[in-house]
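Data block below; observations after.
The values are calculated or read from the model by the stated rules, or taken from the named source; none is laboratory data. Here the structure is a predicted model, which is why all the values come from computation and not from measurement. Here the Cβ positions follow ideal geometry from the backbone for every residue, glycine too, while neighbour counts run over all protein chains shown. Side chains included, ligands, DNA and RNA excluded: accessible areas come from the protein's heavy atoms. Shrake-Rupley method; radii C 1.70, N 1.55, O 1.52, S 1.80 Å.
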Amino acid sequence: MYCYFRTNISKNSGIGNYMRCLRLAQILRDKGHHCKIFTDKKITNFLLNKKIKYQSLYLNRKSFSSEEYDAKIFLQNARISGIVFVDDYRIGIRWQTEIKRKHKKLIIIDDFLKSYKADIVVNTKPNFLDEEINRNILSKYKHTKMLLGPKYAIIEDKVKKRKIKSKKFKIAFYCGGGSDLTIIFQIIKKLIFLDNKNIEFNVILGPHSSNKSKILKLGKLSRQIKIVNPSKNLSKMIKNFDLFIGSAGISIFETALYKVPSIFIKFVKNQEVSISGLEKMGHYFLLEKKDLSKDKKISELIDIFQQKKERIKM
């Protein structure tokens, strides 16, 4: 079977959508299917899988302009009928209608609820842990199979290797693929000022993050700061941390998998999530993006986490 994936990586969209597609493509390829991932432009080498085929749809400064045109060039490159997976918020009914005419199945992975022409829609938001909400949604989408809730999260399998104990309290900062690291810089500066030598700061740099230089310079001044380059296997790194601070995206599932206490921040609309849904997963700390301006209070909160770490468990 031919399996095609339409997704993208950019400063605005981050890498979460792409990673979901890559993980699915790897699994399907291992089962003997032909997989190809379509993005707007070529993506950086560290995010590639040499066993998966890739195709960039826009060359010579061209960019996504309409669903109709995107569907046209996609179909020109995905000629053999197969299954099409979409994880791209720009794709709507018009694109879906064109693809359904040519391909056997259309599967949409989404963080919103919209109108669909798809055979299957996957939405992993914790909101759907509420049975009443779940029933209401299913009643509205009678002609589409809806796979709802965290149990459908597309993440790496749990690694059984035990976490190595350390005297250091290891904090991970990861605010997505295209975040501004200025706020993280301010928070870490204040924490270092508290002169707590038992904290280790691990800053994971997204591929499109801005103001990286501030973090890199600070890292040269303090041995407490560890610069972590982005990785396709971020979920396997998470198990080594005592506290995760970052965007409320795919990380809410990865940290729940390894029971890592977390402070999440809603950076973009697709990260809107219900508090009750997060609590059912074991997460209790959710901030708005505007809260980051209170970097002193956030620094004090993190310091409390370190001091009371035995009380804060998932």
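Restricting segment 22-37 to residues that are more than 11 Å from residue 54 (Cβ to Cβ) and not in a loop (DSSP other than H, G, I, E, B) leaves a set whose member that is most open to solvent (accessible area, probe 1.4 Å) is 30. When residue 92 is tested against the conditions (1) small (Gly, Ala, Ser); (2) crowded, with 19+ Cβ neighbours inside 10 Å; (3) at pLDDT 95 or above, the lone failure is (2). If the condition is being under 12 Å from residue 243 (Cα atoms) and open to solvent by less than 20 Å² (accessible area, probe 1.4 Å), then segment 293-305 contributes 302, 305.
Scanning segment 119-154 for residues that are hydrophobic (A, V, I, L, M, F, W, C), open to solvent by 40 Å² or more (accessible area, probe 1.4 Å) and farther than 13 Å from residue 108 by Cα yields 129, 133, 138.
Of all residue pairs spaced 6 or more apart or on separate chains, those with beta-carbon atoms under 9 Å, a first member in segment 46-68 that is small (Gly, Ala, Ser) and a second member that is open to solvent by 40 Å² or more (accessible area, probe 1.4 Å) are 56/41; 56/42; 63/41; 66/94.
Could you check, for segment 77-94, whether at least one of its residues is of a type in the set (S, T, N, Q) and touching a strand residue (DSSP E or B) at 6+ places or on another chain (Cβ under 8 Å)? Checked against the condition, which is being of a type in the set (S, T, N, Q) and touching a strand residue (DSSP E or B) at 6+ places or on another chain (Cβ under 8 Å), segment 77-94 yields at least one hit. Identify the residue in segment 181-206 that is in a loop (DSSP other than H, G, I, E, B) and free of Cβ contacts under 8 Å to residues at least 40 places away in the same chain and, among all such residues, is farthest from the chain's Cα centre (by Cα). Here the residue is 195. Only residues that are aromatic (Phe, Trp, Tyr), modelled with pLDDT under 95 and closer than 18 Å to residue 122 by Cβ were counted across segment 142-176, and they come to 0.
Does residue 40 qualify as being acidic (Asp, Glu) and surrounded by 16 or more Cβ atoms within 10 Å (Cβ to Cβ)? Yes: the conditions hold for residue 40. Among the numbered conditions (1) open to solvent by less than 20 Å² (accessible area, probe 1.4 Å); (2) modelled with pLDDT of 95 or more; (3) under 21 Å from residue 177 (Cβ atoms), the only one that residue 54 does not meet is (1).
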